[in-house]
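The values are calculated or read from the model by the stated rules, or taken from the named source; none is laboratory data. Just so you know, these numbers come straight off a predicted model, no measurement behind them. Positions of Cβ are backbone-derived with ideal geometry, glycine not excepted, and every protein chain shown enters the neighbour counts. Each accessible area value is taken on the protein alone, full model and side chains, heavy atoms only, with ligands, DNA and RNA left out. Shrake-Rupley method; radii C 1.70, N 1.55, O 1.52, S 1.80 Å.
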Amino acid sequence: MSDLHTDRTDHTDHVVHRLADLLRPSGWHLATAESCTGGMIAAACTDLAGSSDWFDRGFVTYSNAAKSEMLGVDPALIARDGAVSESVAHAMAAGAQREAGVEVAVAVTGIAGPGGGSEAKPVGTVWFAWALPGWIWTECRHFEGDRAAVRAQTRDHALAVLVSALQAMP
């Protein structure tokens with residue numbers, strides 16, 4: 001059985017250090033909105049000493065009700081598109097940014113398995129959304145492996161894309 005730390009890599013730690021180096025000088029803060037990862041992204045961030053300088057909070061919104069209550073995701077959106085969808089990921093990131101009052105947010109919603117998949121949304125399907133001031137973008141990825149592998153790949157991809165986006169900013 002995996003926990004939040006056993007599947008961590010040196011690469012994950014390096015990415016989190018880089019994220020801290022990018023957020024600290026700007027004074028920006030990060031919030032996470034996590035479903036399938038259950039707080040793994042927030043845990044990776046807060047494992048770094050001094051992360052309170054740039055990490056504000058994590059929302060673990062595993063249930064549909066939590067997505068609506070904590071992040072303001074419209075229940076009709078979830079009913080129409082499903083919890084694992086581009087529209088819900090986008091709404092989660094926007095909600096985390098708004099509710100936390102932060103400049104930066106990342107959201108993930110997916111199917112880690114082993115059950116819960118369908119032909120349209122197989123196990124390993126994850127929707128991501130990243131929010132920076134005035135900009136939210138989304139991406140869908142399909143990861144292979146068991147539950148722990150899907151969750152670890154989701155955590156690492158969410159952080160790596162955020163670092164890349166921050167590095168690309170003028």
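Structure summary
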quantity	calculated
Qualifying position, being in contact with a Leu (Cβ under 7 Å, 6 or more places away or on another chain) and more than 17 Å from Val150 (Cα to Cα), among Ala100, Ala79, Ala91	Ala91
Residue within the stretch 77-85 that is surrounded by 24 or more Cβ atoms within 10 Å (Cβ to Cβ) and either under 19 Å from Arg155 (Cβ atoms) or in contact with a Cys (Cβ under 9 Å, 6 or more places away or on another chain) (or both) present	no
Subset of the stretch 108-121 that is over 17 Å from Ala148 (Cβ atoms) and out of contact with any helix residue (DSSP H, G or I) (no Cβ under 8 Å at 6 or more places or on another chain) - its residue that is surrounded by the most Cβ atoms within 10 Å (Cβ to Cβ)	Lys121
When residues of the stretch 17-71 are limited to those that are under 17 Å from the mean Cα position of the chain (by Cα) and acidic (Asp, Glu), the one surrounded by the fewest Cβ atoms within 10 Å (Cβ to Cβ)	Asp47
Exclusive hit being among the β-branched types (Val, Ile, Thr) and more than 20 Å from Leu30 (Cβ to Cβ), set Val150, Val126, Val163	Val150
Single residue of Leu166, Leu132, Leu162 found to be within 21 Å of Ala94 (Cα to Cα), more than 14 Å from the chain's Cα centre (by Cα) and open to solvent by less than 30 Å² (accessible area, probe 1.4 Å)	Leu166
The stretch 141-159 - residue that is open to solvent by 10 Å² or more (accessible area, probe 1.4 Å) and under 12 Å from the mean Cα position of the chain (by Cα) and, of those, farthest from Leu23 (Cα to Cα)	Arg151
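Conditions (1) out of contact with any Gly (no Cβ under 6 Å at 6 or more places or on another chain); (2) closer than 27 Å to Ser52 by Cα; (3) β-branched (Val, Ile, Thr); (4) at pLDDT below 95, marked per residue:
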| position | (1), (2), (3), (4) |
| --- | --- |
| Gly101 | yes, yes, no, no |
| Val104 | yes, yes, yes, no |
| Ala107 | yes, yes, no, no |
| Glu119 | yes, no, no, yes |
| Trp130 | yes, yes, no, no |
| Ile136 | yes, yes, yes, no |
| Glu139 | yes, no, no, no |
| Gly145 | yes, no, no, no |
